[in-house]
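Structure first, commentary second.
The values are calculated or read from the model by the stated rules, or taken from the named source; none is laboratory data. Everything numeric here is computed off the predicted structure, so don't read it as measured data. Methodologically, a virtual Cβ is constructed for each residue, glycine included, from the backbone with ideal geometry; neighbour enumeration extends over all protein chains shown. Heavy atoms of the whole protein, side chains included, go into the accessibility calculation; ligands, DNA and RNA do not. Shrake-Rupley method; radii C 1.70, N 1.55, O 1.52, S 1.80 Å.
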Amino acid sequence: MVSKTEEAQLNRLENQVDNGGGGAWEYLCLVRKLKVRRSEKVLKYGMSILNDLSKRSSLGSEEWTLYEQVAVAAMDCQCLDVAKDLSKLLRKEFPESKRIGRLEAMLLEAKGSWEEAEKAYSSFLEDSPLDQVIHKRRVAMAKAQGNISGAIEWLNKYLEIFMADNDAWRELAEIYVSLQMYKQAAFCYEELILSQPTVPLYHLAYADILYTIGGLENIQTAKKYYASVINLTGGKNIRALFGISLCTSAIGLLAKGRNKEDKENPELQSLVATALEKDYKQRAPDKLSLLTTALRSLKVSS
């Protein structure tokens with residue numbers, strides 16, 4: 001996950017290169033380090049270096065890393081002839097490289113030659129069953145073909161081997177949410193929270209899912225996770241504040257006639273309403289009346 005500081009650094013460097021201020025190689029290195037996709041920029045600035053003999057020669061062994069990076073970007077941009085030419089140069093330099101073999105299989109994917117690509121990936125996995133890149137390519141290929149059930153199957157198999165891959169857990173959770181398979185998505189976010197308990201995004205997504213599933217117990221738990229988001233963000237997450245408001249209203253309706261411990265404490269409701277009103281006064285005073293109406297409809301006000 002790219003931090004705000006890293007994203008700002010990347011954007012500054014991109015603007016610098018776009019405006020002719022130099023730093024193309026540094027930009028390409030940062031894109032590669034952060035594992036972000038800026039394919040059009042990578043293709044443009046990468047080819048400008050590769051087509052300049054003096055610049056290319058100054059890279060030393062990093063020249064071949066750039067060839068690979070630009071080849072992948074060319075596939076993304078559907079410049080398949082460029083990707084093919086770069087792959088051939090790499091194959092000539094590294095005739096026995098499995099890494100180049102993966103690149104060639106990706107080119108088959110980009111061409112839509114799914115069966116050939118699958119055969120290539122299966123062959124690679126026979127030799128290297130723990131190759132993460134190949135496992136991930138199979139997931140990507142299934143998604144590209146619209147085979148969502150296949151993507152779920154490959155992701156689950158991948159996570160049986162690489163259980164600590166948080167990005168894979170999150171990708172699987174998002175697929176489950178898109179299919180309205182909320183219980184399975186909740187399980188994925190439970191794994192993420194166990195792995196990285198201080199990431200507010202995971203607490204927020206988990207709370208959203210529990211609220212969507214519904215039922216008194218789930219909504220009470222959702223409220224606790226919305227509260228943890230507020231705690232982790234210093235009270236600055238508006239979505240979590242609204243989440244507590246919605247949970248409070250729902251619990252009030254669902255807990256009618258139940259034990260006192262199931263009912264809501266009005267103190268938290270008031271604090272949430274006050275925090276929301278304060279934020280709206282600062283950021284969107286013209287929308288304050290809409291907020292007040294919404295909170296009244298939920299029977300939550302300061």
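At full extension, residue 289 and residue 144 could sit 47.7 nm farther apart than now, given 0.36 nm per residue minus the alpha carbon distance.
Computed from backbone phi, the HN-Hα couplings of the range 97-112 come to 6, 6, 4, 5, x, 4, 4, 5, 5, 5, 5, 4, 4, 4, 7, x Hz, rounded to whole numbers (Karplus: 6.51 cos²θ - 1.76 cosθ + 1.60, θ = phi - 60°; Gly and Pro given as x). With distances taken between every two different alpha-carbon atoms, the range 32-76 has a Kirkwood hydrodynamic radius of 10.6 Å.
Determine the order of 128, 297 by accessible area, beginning with the largest, at a probe radius of 1.4 Å.
297, 128
Spin-label model, residue 111/residue 8: points 7 Å from Cα along the beta carbon direction are separated by 4.6 nm. Here the gap between residue 253 and residue 282, fully extended at 0.36 nm per residue and compared with their Cα-Cα distance, gives a gain of 7.2 nm. Once the Cα atoms are used to define both axes, helix 148-161 deviates from the longest principal axis of the chain by about 90 degrees.
Karplus-based coupling profile of the range 47-52, in residue order and whole Hz: 5, 5, 7, 5, 7, 9, with θ = phi - 60° in 6.51 cos²θ - 1.76 cosθ + 1.60 and x standing for Gly or Pro. Computed from Cα atoms, the angle from the helix 216-232 axis to the main principal axis of the chain rounds to 70 degrees. A 1.4 Å probe, protein heavy atoms only, puts the accessible area of residue 79 near 50 Å².
Dipole magnitude for the chain: about 1000 debye, using +1 per Lys or Arg Cβ and -1 per Asp or Glu Cβ, origin at the Cα centre.
Label 7 Å along Cα→Cβ of residue 196; the range 8-50 residues with amide nitrogen under 17 Å? Answer for this model: 8, 33-37. Using Cα atoms only, what is the angle between the long axis of helix 132-144 and the major principal axis of the chain, expressed in degrees (0 to 90) to the nearest 10? Taking Cα atoms only, the helix is inclined about 70 degrees. Counting only heavy atoms of the protein chains and using a 1.4 Å probe, residue 102 has close to 50 Å² of accessible surface.
A Förster distance of 41 Å, applied to the separation of the beta-carbon atoms of residue 131 and residue 19, puts the FRET efficiency at 0.55.
The accessible area of residue 238, taken with all protein chains in place and a 1.4 Å probe, comes to roughly 40 Å².
Taking 104, 93, 267 as the candidate residues, the one with maximal mean-square fluctuation in a Gaussian network model of the chain, Cα springs under 10 Å, is 267.
Determine, from the Cβ-Cβ distance of residue 213 and residue 163 and an R0 of 30 Å, the FRET efficiency 1/(1 + (r/R0)^6), rounded to the nearest 0.05.
So, using R0 = 30 Å, E works out to roughly 0.75.
Site pair residue 85 and residue 181 shows an inter-label distance of 4.4 nm when each label is modelled 7 Å from Cα along Cα→Cβ.
Note on residue 236/residue 63: beta-carbon distance plugged into 1/(1 + (r/R0)^6) with R0 of 41 Å gives a FRET efficiency of 0.35. The candidates 249, 57, 48, arranged from most to least accessible area with a 1.4 Å probe in the full protein assembly, appear as 57, 48, 249.
The H on the amide N of residue 235, modeled in the peptide plane, is under 5 Å from the matching H of no residue at least 5 residues off or on a different chain.
The fraction of all Cα pairs in the range 165-266 landing in successive 10 Å bins from 0 to the largest distance is 17, 44, 32, 8, 0, given as whole percents.
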